[in-house]
Structures are given as structure tokens and as C-alpha cells.
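Student: One structure is given below, represented as C-alpha cells, and several questions about it will come after.
Since every read-out is calculated from the coordinates, none of them should be taken as a lab result. Since this is a predicted model, take the numbers as computed values, not measurements. Every residue, glycine among them, receives a Cβ derived from its backbone with ideal geometry; neighbour counts consider all protein chains shown.
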Amino acid sequence: MKIKNTIRVGLIALVLSAIGGFGGSLFLRASDHDDGEVDTKGRNLNLTDLYVFRERDQNPNAAEGDLVFIMNTNPRSVARQQYYFSTTARYEFKVTRIGNNDAPATGQSNVVLRFEFSPPNPRGQQNITVTAIRDGATATAQNLRTTAIGTAPIVNQVSLGGTAVSVFAGLREDPFFFDVEQFFRVRAGLAGLGPSVGFRSPGLDFTSGYNVNSIVVRVPRQFLQAGTPVTTFDVWQTISARRPDGTYAQVERLARPAVNEGLVLTNDFLNALNGVGPDFEAAALAGQQPAARIAGPIVGEAKRTLLALGNSDARATSLLGAFLPDVMRIDTTQPSGYGNALNGRGSPIRGRLIRDDVIDITLSVLSNGAVTTDNVSYDGPNLGGRGHKPVLGAFPYVPEPN
């Protein structure tokens, strides 16, 4: 259950058919990770977390200049059971080159890394097709393999556009940590919808013991630069499902951790967030119609939640501007870490490492320091003695599955 992301709130397609040039006609969708519920979407079409970091900051022995992207899906996968990626979906990392850390996000992707999966074989493996779309040029690698449960990680080495890229896909332990149950009680109290309570100590780590399906990519920075001097990038991830007519419609989007379910309470609003991109949010912030009009009710609800958290009107407005559009920005010239630095807009700009306590960072920011922790740590012991397995010392880094 991840409380996915930050004020994606912008956006939004309250009425998806009204989006027009920002995606056209889209069928209704949403995640079952508390960011909009629908009965027709399986968990393997649900995003949980995005991690983006310089590999050297996770592994001092790694090559200089390599970046690692991690996409986790299929939340609440129980231990010792094999789960599969959808065979009718596209899982994508999207990347924008950014001129400087303070530049506004555009949501326009310069690079797309796409992953598609075949039906599993009797050994529990799926074939992977990887497609890189960079500035309109396409390169594809086929017949990569996922890692089946109970086997050593398969690290696929491929060449995309003449660049060596490493790919892992398979079951891993969910490394996210958060007392999500108590968070909703705290939020309800602050919003006047329930009794006023605080976080318990220690907190209960909701995801401990669960697995996820992970896609992990090692990509050289030079591949993303494509001959430019750019060293800062915006990254987000999406899942698109194939329609009966063979076209694809986006059903999930996620970048920064933790916020939109924290700020947006209406399920229909949360449903709407998954079908649009950060380009729609950029248009809404610029006052362009119909984006600004459609986004209004969702932004209004998010702002009311921020006010209930104790923020002034001016600070609430500033926070909305800091977290929209929803992208994960990484300055690759400096050490990775979600709380390591902010830009002039107040947005994190150092990506996210696996063990980063993004919940404590986010709670402190959104409550203006009034709430500093949910009393859950990666290692534990948390309530019930729960903790997480060690992060691996080498690629793919995400802990071994339960």
C-alpha cells in the first residue's frame, strides 16, 4: 500500500475525456495502492515505488557514471509464491534532460526505456523485450529472461544503440517501510474525520514480509545525455495496458514517494491522476486550459489537506509548487539521497536510494516540522519485530524475495 506520490495532485483529468491533446480518450484506471480503486486492474499493473540513484552511491565499487533505475510493481505479493509481469502491458521509465536544478519540469520525455513480457515458461521465466526510444531513435533487445523465484538473479547484459545496459526483472522483497495504517488514522484526525491520534512507537512496518516484482536497469549517464552536457534529469515511470484494438492507454504513473494519497482523499481524483503525465501538470501550473480548469478541484482538495496539517495558506501554495509536476529529479554530479538537497523551488533533487526514509522526510516537510517520524526504520525492530532483508551489495541491489 504505498502512498504513492506527491502531489500529483495537479493533475488530472478529472474528466479524462476532456484532456484532449494530453492523452485523448482513456479508459478509467487506478492503482489499488490507495491511490484509486478499480476492480478490473490486477496488481501487476500497479506501481509501488521508483528509485533513482548513482550506482557509486549504493556500491563504491561500481563504475563511475552509471545510474540505476528501479521500478517496483505488484504490491503485497506473499512470500514463497511466484508472480508475473503482465503480458499485455508496457512498463516504462521516462527521462527528461534538465538544464539546471531550478528549471521547471516539463514532463516531456527525451528518453524512454520500455519493457514488455511474454507468458511464463514451465521454469517460471518470462522473456523480456527492451526498447529504448531516445530523441525519436529506437533500439530493441529481445529474449532477455526474468529471474524465477528461488533462483540466482539473472543480470541480462544488452546493447542499446551501441551502449551497454544491464537489466534485471523478477521477484524481490518490497523495501518500502511505513506505518501506513496509523498514517491514515493520523490524517483522518487532522482532517476532522476521526479522533486525534499520533504515530505509535515503534510503528508497524506494513510492507515487511511482502514481495514485489522489480525491474532494475543500469544505464550509463552518457546514454541519457546523448551528446549533450546535461547532468540533471527528471525521471518518472508508467504502466500502459493494451486495449482491445491494439493501442495502449496509460493506467499508472509514479515518481516521488509518498504524498498524493496523503493529500487527496477523493477516489475519483486519485483514479484520474494515473492517466495523465507530468506534461499535463506543467500545463496546469502555467494556467493553460483545459488543464488548469480540470486540475482545480484536485489541487483544492490537496491544499485543504495541507492546511489541516498546520500549514499557512502561503506555505501550502508553495508546497504545491514544489511537488508539481510529479517527477523524480536527480543531479548526477552530487551524492544521491532523497533528503540530500532541495532546489530553489523546494523540490528534492538527488533521486532516491533504497534505504532512504522518504516517509519521515515527507512528513516533516508537509507538516512544517510538526510531524517528524512514523517511528518505522528499515532494519527494525519495528512493532512485531519486523524489519527488512539487507540490500544487496551489487546489482540488482533490491533484497532477495521472501
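Student: Quick one: Karplus J couplings for the range 276-291, per residue in order, coefficients 6.51, -1.76, 1.60, θ = phi - 60°, nearest Hz, x for Gly and Pro?
Tutor: With the stated coefficients, the range 276-291 comes to 10, x, x, 5, 5, 5, 4, 5, 5, 5, 7, x, 6, 9, x, 4 Hz.
Student: Residues in the range 343-386, backbone N under 20 Å from the label point at Asp102 (7 Å along the Cα-to-beta-carbon vector): list them, ranges by number please.
Tutor: 343-351
Student: For the charge dipole of the range 139-293, defined by +1 on Lys and Arg C-beta atoms and -1 on Asp and Glu C-beta atoms about the Cα centroid, which residue among Thr231, Pro278, Asn156 has the Cα displaced farthest towards the positive pole?
Tutor: It is Asn156.
Student: Using only alpha carbons, build the gyration tensor for the range 47-190 and give me the equivalent ellipsoid semi-axes, biggest first, whole Å. Walk me through the numbers on the way to the answer.
Tutor: Working: eigenvalues 140, 123, 52 Å².
The three semi-axes for the range 47-190 are 26, 25, 16 Å.
Student: I'd like the projected area of the chain, averaged over all directions, using the convex hull of its alpha carbons. Report it in nm² with one decimal. Let's see the in-between values first.
Tutor: On the way: hull surface 73.6 nm².
Over all viewing directions, the chain projects a mean Cα-hull area of 18.4 nm².
Student: Also: Let me see the pair-distance distribution of the range 248-379: every alpha carbon pair, 10 Å bin width, integer percents in order.
Tutor: 11, 40, 37, 11, 0
Student: With a cut-off of 8 Å between alpha carbons and a minimum separation of six or more residues, what is the relative contact order of the range 321-369 in percent?
Tutor: Working: 54 pairs, mean separation 15.6, N = 49.
Averaging sequence separation for qualifying contacts and normalising by length gives 32 percent for the range 321-369.
Student: With loop defined by DSSP as not H, G, I, E or B, and exposure as at most 14 other Cβ atoms within 10 Å, which is the longest segment of the chain clear of exposed GluC sites (Glu not before Pro)?
Tutor: So the longest stretch without any such site is 65-402.
Student: Between Asp102, Asp331, Asp205, where does the largest GNM mean-square fluctuation fall for the chain, given springs only between Cα atoms within less than 10 Å?
Tutor: Evaluated over the chain, the most mobile residue of the options is Asp102.
Student: To the nearest 20 debye, what is the magnitude of the charge dipole of the chain about its Cα centre, counting +1 on the Cβ of each Lys and Arg and -1 on the Cβ of each Asp and Glu? Could you put the intermediate results ahead of the total?
Tutor: Details: 38 positive and 36 negative charges, 90 e Å.
I would put it at about 440 debye.
Student: Checking the a/c ratio against 1.5 first, then a/b against b/c, what shape does the Cα gyration tensor give for the range 345-402?
Tutor: On the way: a/c = 4.47, a/b = 1.36, b/c = 3.28.
In terms of gyration-tensor shape, oblate.
Student: Rank by packing, highest mean first: peptides 217-223, 174-180, with packing defined as the count of other Cβ atoms within 10 Å averaged across residues. Working shown, then result.
Tutor: Working: 217-223: 19.0, 174-180: 25.3.
Put in order of decreasing packing, that is 174-180, 217-223.
Student: Which value in deg cm²/dmol, rounded to the nearest 500, describes the helix-derived mean residue ellipticity at 222 nm for the chain, given -39,500 (n - 2.57) per DSSP H run of n ≥ 4 and division by the residue count?
Tutor: Values: 9 runs with 76 residues, N = 402.
That calculation yields -5000 deg cm²/dmol at 222 nm.
Student: So if I place +1 on the C-beta of Lys and Arg and -1 on the C-beta of Asp and Glu, and nothing else carries charge, what would the dipole magnitude of the range 233-356 be about its Cα centre? I want it in debye, nearest 20. Could the numbers behind the result be given before it?
Tutor: Values: 13 positive and 12 negative charges, 41 e Å.
That gives the range 233-356 a dipole magnitude of about 200 debye.
Student: So, R0 is 30 Å and r is the distance between the beta-carbons of Thr88 and Asn61; what FRET efficiency does that work out to, to 0.05?
Tutor: Values: r = 39 Å, r/R0 = 1.30.
Calculated value: 0.15.
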